[in-house]
1. Condition first: basic (Lys, Arg) and under 17 Å from Cys486 (Cα atoms). Now tell me which residues in the range 544-571 satisfy that.
2. Can you tell me which residues in the range 145-177 are acidic (Asp, Glu), over 33 Å from the mean Cα position of the chain (by Cα) and at pLDDT 85 or above?
3. Are any residues in the range 158-176 out of contact with any Leu (no Cβ under 9 Å at 6 or more places or on another chain), in a helix (DSSP H, G or I) and either among the acidic types (Asp, Glu) or farther than 13 Å from Arg132 by Cα (or both), and if so, which ones?
4. Would you check which residues across the range 370-421 are at pLDDT 95 or above and of a type in the set (Phe, Trp, Tyr) and list them?
5. Go over the candidates Val601, Val634, Val627, Val571 one by one and state the one that is at pLDDT 85 or above, closer than 22 Å to Thr649 by Cα and either part of a helix (DSSP H, G or I) or within 24 Å of the chain's Cα centre (by Cα) (or both).
6. Quick check on Gln87: is it assigned to a loop (DSSP other than H, G, I, E, B), free of Cβ contacts under 8 Å to residues at least 24 places away in the same chain and among the polar types (S, T, N, Q)?
7. Considering only the range 370-478, give the helices (runs of 4 or more DSSP H) lying wholly within it that have at least 3 residues that are among the small types (Gly, Ala, Ser) and under 19 Å from Ala493 (Cα atoms).
8. Being part of a loop (DSSP other than H, G, I, E, B) and under 36 Å from the mean Cα position of the chain (by Cα) is the filter here, so list the residues in the range 479-507 that pass it.
Amino acid sequence: MPRRSPIPRTPRAHWLLLGLVLLALCSLLSLDALLRADVPSTPSGTRQFVPQSAFSGGSVIDPREPTVQHPPPRSLALTFADGPDPQWTPAVLDALARHGVRATFFVTGAQAAKHPELIRRIVEAGHEIGNRTLTRADLRQAGDLRVRLELQATDLALAGAAGITTNLVQPPETTTGSLDYAAWKAVLRIGNHGRQVVLADLDSQDWRQPGVDAVLANSTPRDGRGAVLLMHDTAGPGTVEALDRLLPDLQRGGWRVGSVGSTFQLPATMNEARIIDRVGGTLFVAAVQLSAWLSDALRVLLWVATALATLRLVFVLLVAPLHVRRTRRWQAPWQISQRVGVIVPAYNEEAGIASTVRSILTSEHPVEVIVVDDGSTDRTAEIVERLQQRFAHVRLIRQPNAGKAAALNTGMAAANSELLVMVDGDTVLEPDAVGHLVAHFTDPLIGAVSGNVKVGNRRSLLARWQHIEYVIGFNLDRRIYDLLHCTPTVPGALGAFRRSAIERIGGVSDDTLAEDTDLTMALERDGWRVVYEEQAISWTEAPTTYGQLWKQRYRWCYGTLQAAWKHRHSVVERGAAGRLGRLGLPYLLVFQVLLQVIAPVVDVTAFFALFTEDAATVAATWLGFLVLQAVPGVIAFRLDGERLRPLLTLPLQQIVYRQLMYMIVVQSVITALAGARLPWQKLERHGRIGPVPAARR
């Protein structure tokens, strides 16, 4: 039995924590979407069955009796609706204070919860507070449950903001002039909850911002009849200017201007909230403010994600053509003829090891294949032994299970050459791949060369998505890294190295789960250059199930974070190390970690924004983000000589596959913060890459 190291347990509590966090986020976003929803109004209908007195002028209706009360002659009840607004409500309050007038502010619960300090300022200034419903909903088509929720939620907001509740309700979209049977039924429902309804007969129309003169004309009562005036403390400077002209004119004309309570001589319009309502209201206000902050933050992240995608597109458009021109001009000054050692670390690779070894033996460049069996429990060693008997340049080394890094070090120690190629046991090489890789070592400054790894099994939708990711996310980025001289990873599936360079840094380290990234960064910090060779092509078997994909990418992401942290000091170093630290690491962390995390924010924000007034803007941004993802995809596929047809699945990949990558990155970050160390994740292989050329003896 192979020796197995103890496997530390990954903390499972983070899954529960992550689930609770996601549930809380969705709940808060749903609350914010509800509060921001643009509720359409219902056209007025028949006035049949509506009491004549209810729509004959400004009135306070007590639906419990029912009774309708009109203001006395030359009396104006001044009301403001739909606030409070952080910019204009203070200006309105200042205008009212200048003229010594009290008014009634019919606030929405959403705005009251977002700006509780303004509610307190209104009450402290001696004004009245009325209920304009939670979401400014048109109650004409609402049932009794919706009416109750709208009113009680607003009461909660008022209780949490200022410790009060109110008896006055001004239904949105309803004035005495628009009162119909549906609105009258809504009035009766409001009365069922112990409220009095205030209907305006003068509508300033200031929310349309028609100009101060028009607002003034709409707000001026005629014929000396008492009236209820509807204005908006959210409409802007026109309302404030109109007040400064309207109030002195009315006062000089002998009009009494005041709040609804003082105008109609109502005994009580506001009540002190109960303790339980204050506690519940405080929690409600906190939830609304948190949901608004979260929504605003996600919208900022949406723009950040879009900006990052745009920045990446700019990188691609600028760098890719330069890289193509440079690689097409490059030629090795002489041909390297020495035999190259190809090291294949293998653990339970019986499904594909024969194809891997045979493909290496077809190389046009002379090779020696060294397979290091790392304590396999299947037929891997037996298969390689048979190949060893048939082919002279195949060697098998067995060792107890010690991990991939140890297997690579074992193979390197056994190799007879200075130039080494490392290949995974599930990878098939093109015949000219090794030759293209080692040609770069004619430059004595180059310590490693990255190959071009492609997905070989592309039949399933999941495999096609991975194919897209390899071409766009890996190979395209390697072109950018190559031009900037800051490649962070030579993939374990195919990479070439100077043996002396690896020995100088102490061999392949097992400090991280991404030994290939760790090795590449260590070489660059030692002063070696790392380049990318697009013509050195290998084919690898991508995971065929979501579980296997999760294991692989979880290890990759976690290992990359480990390697980035291990080599963080390269940020302040010089030469190749400095380019890695100041160019490679930021690019890697921004576009492969940060963008992975916030990219789903685009989807989440777009989904919840569909139910708000910003739906069109956010939807356009989301579509623009998809375009910004698709353009580099087309460029990458063209550069790699791939057919564009798989890109038809890109929109679905952005919706489904991206969420999986997001969860993997989040789990990796949480695991890293928890201080856990993951075991090596062995994937199940099926050997389904494709036909392999006949090997040379």
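The values are calculated or read from the model by the stated rules, or taken from the named source; none is laboratory data. A quick note: this is a predicted structure, and the numbers were derived from the prediction, not measured. Every residue, glycine as well, gets a Cβ built from its backbone with ideal geometry; the counts of neighbours run over all protein chains shown.
1. Keep residues of the range 544-571 that are basic (Lys, Arg), which gives 551, 553, 555, 566, 568.
Scanning the range 544-571 gives Lys566, Arg568.
2. Residues of the range 145-177 acidic (Asp, Glu): 150, 155, 173.
Those still in the list that are over 33 Å from the mean Cα position of the chain (by Cα) too: 155, 173.
Within the range 145-177, just Asp155 meets the criteria.
3. Pass one, the range 158-176, residues out of contact with any Leu (no Cβ under 9 Å at 6 or more places or on another chain): 158-159, 162-163.
Retained after the next criterion (residues that are in a helix (DSSP H, G or I)): 158-159, 162.
Matches in the range 158-176: Ala159, Ala162.
4. Answer for the range 370-421, where residues must be at pLDDT 95 or above and of a type in the set (Phe, Trp, Tyr): there is none.
5. Numbers: Val601 fails: at pLDDT 85 or above; Val627 fails: at pLDDT 85 or above; Val571 fails: closer than 22 Å to Thr649 by Cα.
Just one listed residue meets the conditions, Val634.
6. Numbers: assigned to a loop (DSSP other than H, G, I, E, B): yes; free of Cβ contacts under 8 Å to residues at least 24 places away in the same chain: yes; among the polar types (S, T, N, Q): yes.
Considered against the rule, which asks whether it is assigned to a loop (DSSP other than H, G, I, E, B), free of Cβ contacts under 8 Å to residues at least 24 places away in the same chain and among the polar types (S, T, N, Q), Gln87 comes out as yes.
7. On the way: elements: 380-390, 404-414, 433-438, 461-468.
In the range 370-478, 404-414 are the helices (runs of 4 or more DSSP H) which contain 3 or more residues that are among the small types (Gly, Ala, Ser) and under 19 Å from Ala493 (Cα atoms).
8. Step one: of the range 479-507, the residues part of a loop (DSSP other than H, G, I, E, B) are 485-493, 505-507.
Listed by number, the residues that qualify are His485, Cys486, Thr487, Pro488, Thr489, Val490, Pro491, Gly492, Ala493.
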